[in-house]
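A short write-up of the structure that comes next.
What follows is calculated from the coordinates using simple rules that are stated; it is not laboratory data. These figures come from a predicted structure and were not determined experimentally.
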Amino acid sequence: MTTVICVECDGELEMTDDVLVGEIVECPDCGVELEVTSVSPLTIELAPEVEEDWGE
Ligand SMILES: [Zn+2]
């Protein structure tokens, strides 16, 4: 188990060791979505907000 610090609230997130780059995790403290950008060292960034635009 690895721990990373949430960029939004500085809370600790527990990550499994088999986490993959590009994986989206949700902070249990503030609920923000974080994207794993590197696994060595383990780095997370705020996930880009997906805007679901169904308009033509
Ligand atoms: Zn957080």
- request: Sort out for me the Cα centre separation of the stretch 41-56 from the stretch 12-35, rounded to whole Å.
  value: 13
query: If you stretched the chain out fully between Ser40 and Glu12, how much longer would it get, using 0.36 nm times the residue separation minus the C-alpha to C-alpha distance?
result: 8.3 nm
